[in-house]
Every structure is written in C-alpha cells, then in structure tokens.
1. Can you tell me which condition Ala432 does not meet? The list is (1) of a type in the set (A, V, I, L, M, F, W, C); (2) under 19 Å from Lys381 (Cα atoms); (3) in a loop (DSSP other than H, G, I, E, B), and all the others hold.
2. Could you please find all residues in the stretch 108-135 being part of a helix (DSSP H, G or I) and either in contact (Cβ under 8 Å) with a residue 12 or more places away in the chain or within 29 Å of the chain's Cα centre (by Cα) (or both)?
3. Out of Val188, Val115, Val151, Val127, report the one residue that is open to solvent by 20 Å² or more (accessible area, probe 1.4 Å) and touching a Gly at 6+ places or on another chain (Cβ under 6 Å).
4. Using the structure shown, decide if Asp166 is among the acidic types (Asp, Glu) and out of contact with any Phe, Trp or Tyr (no Cβ under 8 Å at 6 or more places or on another chain).
5. Exactly one condition in (1) part of a loop (DSSP other than H, G, I, E, B); (2) at pLDDT 95 or above is not met by Ser410; state its number.
6. Which one of the conditions (1) within 22 Å of Ala236 (Cα to Cα); (2) open to solvent by 30 Å² or more (accessible area, probe 1.4 Å); (3) in a strand (DSSP E or B); (4) among the β-branched types (Val, Ile, Thr) does Val316 fail to meet, given that it meets all the rest?
7. Tell me which residues, restricted to the stretch 535-552, are in a strand (DSSP E or B), touching a residue at least 24 places away in the same chain (Cβ under 8 Å) and within 20 Å of Phe569 (Cα to Cα).
8. Select from the stretch 512-534 the residues that are at positive phi and in contact (Cβ under 8 Å) with a residue 24 or more places away in the chain and write down the one among them that is least open to solvent (accessible area, probe 1.4 Å).
Amino acid sequence: DGTEPSHMHYENDENYFRGYEWWLMKQAKKRNPKIKLIGLPWTFPAWIGKGENWPYDYPDVTAYYVVSWILGAKRYHDLDIDYIGIWNERAFSSKYIKLLRYTLDKHGLQQVRIVASDRLWEPISFVLLLDSELHGVVDVIGAHYPGTKTVPNALLTKKKLWSSEDYSTFNDEVGAGCWARILNQNYVNGNMTSTIAWNLVASYYEELPFGRCGLMTAQEPWSGHYKVEAPIWITAHTTQFTQPGWSYLQVDGQLEGGGSFVALTDGLGNLTIIIETMTHNHSQCIRPLLPHFSVTPQKATFYLRGSFYMVQTLQVWHSRLGFESGNSSLFQQLHPVMVWKGSFSLYLNVDEVYTLTTLKTGQKCGCPEPPPPQPFPSNYKDDFNIRNPPFSEAPNFADQTGVFEYFINSSDPGDHVFTLRQVVVQRPITWASDADQTISLIGNFQWVNMTVTCDIYIEKQRDGGVFIAGRVDNGGIYVRRTKGVFFWVFADGTYRVTGDLAGEEILMKGLSGVRDNAWHTLTLNIQGTSASGLLNGYPLWENVTISKPSNGWAAIGTRSFEFAQFDNFHVE
C-alpha cells in the first residue's frame, strides 16, 4: 500500500528518525512493555545490490544494513528488536542467514533471534534438515497464510513455528470470524505458537489495494475519526489473558461439534482457555481457500488435571458475531464459571468466542467517541514550511513509489527554503512491482473535478522531469498500471499530458520553456471531460479530452528515480 523510507537511502547515509515506525514501536511499548518487536525487510535500497536487483550478491553489505537498523533502534529510541527476518516472501540465501547471525553476534546482539523465511514452509524446512549449521542459527520458521496447516519437515526441525503473516482480510464481522478461527487453529492444526496480522491498523486510503484489511480502521487523519472494529475485540480474547512467554498446553483442541479450543499457562498456576465456534461462511479469510466444514451448537465439558485441579472459578469473556441478525456482542464479561472437582461444562452456540481464565485483569475500555467522519478537505494547501516536523514526511501524502521528505534548501534565500523533496535516486531492490516513476497520492478518490497547483523544481539535468496529476486511480502493488491525468514538464524544455503514470498514452505534447534548477508553477485543471494546464499562471495547453478514469486522487511525482522538489501544493 505504498513505500516507507529506509534508514539508509544511500551508502553514506544513516537516519533513524524517518517514517512512522519508530513512533509506532515506542507507542506499542508504552502500552505493553512485554510486546515483541520484529523487523522484516520488504525492499532494499539499490546500493546494497551494487547495480544488481538482488540482495545476496554482497551478503556482508546486506547484513550491515539490517544490523545498522537494529543498532539504531536501540541507540536512538532505546528499542530492543527481538526478532529479525530475511526478505519478505522472496528467496532466502543460506550463506546470508549465517552471515547475518555472525554479524549480529559480533555487535553484541546475541539475544536477537532469526525468523526464516517468511514465505512457505518449504524449501526452508527441508534445507534446515540438511544443513546443520543453518539449523543452528534459525530460531523460528515463519510461514505466510498457512491456512492453519504445517508440513512434516517443519515439525521435524523441532523449531518454533509461526504464522508470521496472516489475516489480511476486510475487517467486518467475517474478518473477525477469520481472525478468531486462525488465532486458535494455527496452533490446533499447525502447531504455530504465533500468528501475526497484516495489518495492524488500516491507516491508508481505503481505495488502495487491500483497503480496510487491518484489525481496526483509522484512515482519516484530517478528521481524527477512527473505528475499533470487531477483530480488535477478537484479538483481546487472546492477548488480554496471555503474554509472550506463556506456553500452549498440548491438548487435542478439536471440539466434537466443530470449532476449537486452546489452553495456555504462564507456568505459575494461571490458566487461559480460548474457545471459538466459527462457521465456514462466517470465517473465510482472504487466502487460502477454506475447505468446507460444519459447526453445530454443542455442550462441551472440560476437565482440569494436575496443578489446575485446584482451580475453583474461571472468569468468562464472551463474543458472539451476529452477522445477518446484526446483534453482535463483543468482548463482554459474563458471570464466572464454577469448577466442580476439576470440571465444568459450557453450552456453545455457533460463531462465538469464549475466554475462560484465572486472570482477573480483562477490560473493555470505555473510550470517548472519536470525532465524526469527514471527507478529505475540498480545498487543501501545504507550503511545507515547518522547521522541526514531527515526522520526515508531509501529512496526507501517500508515497506509492519513491519517498517524499521535508527538505531545507540552505542555498535558496527566496520563497523555497522549506520544500518537499523526492529522495530515492535509484530503483530499489523491489519487493512488488514499483513504478519506473515516483508518485505520491493525496486527497479523495471520489474527486471528479479539481484544480491542482504546485511549484516544482527539477534537479536532474537533461532528462529530468516532474508531474502533477489528478483523477489518479491506483497505487500499492498495482502502481505500474496507474491511470489518471498527468501533466509533465521536462528539463529539456518540453511538456506532455498523458493518461497514465507510465507515460505511454500521450494526450498532448509541446514546448514549455521549463528548465532544470529553476522554480516553476504548474496548474492542472480538470472539469468534466476536459483538462487544461497552466505554466507560471499562463495557459500552456487546453481542451484536452479526458475519457477515463472518471475520478481519483491528486498526485505529484517524478519521471524517474531522481531528486526533485515541490512547494506550495494546493488542490481544490
């Protein structure tokens, strides 16, 4: 759903104050100091590959890059990274993993554990069984979207097994049902002792790919509106009554009438049992396909043995997902259950979650109502004039390829001291299909008629170029196929109007007199089926016919991975 800034854009560059992740990790630690922090590279900056689109040709450079991030987290934010991954959903290199372990140890980071390979169970499990040295340095096998199942080789490694990315489902009640089911069944069916949701909070424009596929929704920073969705309270059934370091009890976990249960202990006498009875059609995740199964109302009797035989009462928390009936009940505390001679019974309906626990600490916050939702302001300006910004990037701009950061022009004495600058100057070692251009989106996807104005400064001589755009229709993993109305100016003094980010659908072209290393003002006006463009306030082109897209965001960007600056952005 977009790009995030690296701590090292270039080989000689280090900055541990970019992006939102540092803030987010510190906020998480404030709420639960025991929470675990995991790093996983999706994309690497180009300099790591020395010209090749591959991070393993120079494994020492890649290890240095990753370990620098871990050291920076500690040095600048006092954050301890607990686990580090290899490369999200891409190939792993055994040589690199061994070198990463060596580099971590050399820097006193023995406590940082390695997860591999954030893709499928194979081939990593098979390779671990063959390579004893690799087996000695990988601590966790992480698989993505395992469908609650593992494979024999993974079990044979005796490693911790994690679903290290899962969920990714629209956060309505079916999403909550998906999450309830896999949180239990990843352990019951697949021996996985961790399940990580992509993603935490849906804080990106909803019309981007995977809109609202977060545990809750906070996608209106301009209004402050947010919504604590059902998956959050499903999460609470597990996370309010366990902590990292608790252990799963090796129980069967299958309920006779369908559904599942897990039991966990802290080893100090506390017990937490989580039961789910999600039906098939109410718990489908985005992937993989869910084979049919049936769940019926049932009476379940549990027997506590060993040290748990002495437990006399269990606190009860309950959720029922209502679906068609619409009367859901989320994370309500019910009367405690009395345990008689080590046993108790429950009547379970379908699409329910129960937590039974010796802990008395659960809480459902009585939070104040968030502000009401508002559309993105229909008249929006940013002059980027901020001396000590709280973040490295301007609010509301959503970078989809490249990175747009606040910049201070020490050499410019005029009106453009504080600007927004595109700073990625080589195509990264990509994870997804980044565009060949850079682009940052802003505004309301439903906008039809709009005027976009921005001061621009091309830094790259000869073949540099920048654009402003409207009715932009795509981003994220689909950014290469983005359409819209794009107004480009180039360092060679020409301009173009295109219907796509790739610049292949040319609607108009000509001479503009724009040059590099000088400020110019571009204005793009789109009304109905017609568009026109101004340069420095004077008409440059007009009456260009626009067929589609019919609506979309505003955007700024560059022709290639190149330095360029933007100032006094205005959309109306």
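1. Going through the list (1) of a type in the set (A, V, I, L, M, F, W, C); (2) under 19 Å from Lys381 (Cα atoms); (3) in a loop (DSSP other than H, G, I, E, B), Ala432 breaks only (2).
2. Ile124, Ser125, Phe126, Val127, Leu128, Leu129, Glu133, Leu134, His135 - these are the residues of the stretch 108-135 that are part of a helix (DSSP H, G or I) and either in contact (Cβ under 8 Å) with a residue 12 or more places away in the chain or within 29 Å of the chain's Cα centre (by Cα) (or both).
3. On the way: Val115 fails: open to solvent by 20 Å² or more (accessible area, probe 1.4 Å); Val151 fails: touching a Gly at 6+ places or on another chain (Cβ under 6 Å); Val127 fails: touching a Gly at 6+ places or on another chain (Cβ under 6 Å).
It is Val188.
4. Values: among the acidic types (Asp, Glu): yes; out of contact with any Phe, Trp or Tyr (no Cβ under 8 Å at 6 or more places or on another chain): no.
Against the criterion (among the acidic types (Asp, Glu) and out of contact with any Phe, Trp or Tyr (no Cβ under 8 Å at 6 or more places or on another chain)), Asp166 does not qualify.
5. Answer for Ser410: the failing condition is (2).
6. Checking Val316 against (1) within 22 Å of Ala236 (Cα to Cα); (2) open to solvent by 30 Å² or more (accessible area, probe 1.4 Å); (3) in a strand (DSSP E or B); (4) among the β-branched types (Val, Ile, Thr), the one that fails is (2).
7. If the condition is that a residue be in a strand (DSSP E or B), touching a residue at least 24 places away in the same chain (Cβ under 8 Å) and within 20 Å of Phe569 (Cα to Cα), then Leu535, Leu540 are the ones that fit.
8. Within the stretch 512-534, the match that is least open to solvent (accessible area, probe 1.4 Å) is Gly528.
The values are calculated or read from the model by the stated rules, or taken from the named source; none is laboratory data. Small disclaimer: the values here were computed from a predicted structure and weren't measured. No Cβ is skipped: glycine too gets one built from the backbone with ideal geometry, and neighbour counts run over all protein chains shown. When the accessible area is computed, the model is the full protein with side chains, heavy atoms only, and any ligands, DNA or RNA have been set aside. Shrake-Rupley method; radii C 1.70, N 1.55, O 1.52, S 1.80 Å.
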